[in-house]
Amino acid sequence: MDFNFQAFFWYLLAADCAFANTVAWFYQDWYRETCPSIFRHFPSTKAWCGLYLILILWVGHSLHTQGILPW
């Protein structure tokens, strides 16, 4: 099987999206207290992380339909 940069990049973004949504839904207080300078510039809100999840799923569905993602 050949290396596919698009699939690799999507899997990286999917992992980032999973981490961001986990923090936004379950560990927001921990994130705010542990990284206050990052939280000030990049707040982890449920709405933005939900939108991020929808966009990642949409791109993943498109890549899967084109046969780029193996599963």
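Here are some notes:
- Subset of region 27-71 that is among the polar types (S, T, N, Q) and surrounded by 13 or more Cβ atoms within 10 Å (Cβ to Cβ) - its residue that is nearest to PHE5 (Cα to Cα): SER44
- Single residue of region 1-26 satisfying the filter (farther than 30 Å from GLY67 by Cα and in contact with a helix residue (DSSP H, G or I) (Cβ under 9 Å, 6 or more places away or on another chain)) that is surrounded by the fewest Cβ atoms within 10 Å (Cβ to Cβ): TRP25
Values quoted throughout were computed directly from the atomic coordinates according to the rules given, and no laboratory measurement underlies them. Computed from a prediction, not measured in an experiment: that's the story for all the values here. Cβ sites come from the backbone with ideal geometry, for glycine too, and all protein chains shown count toward neighbours.
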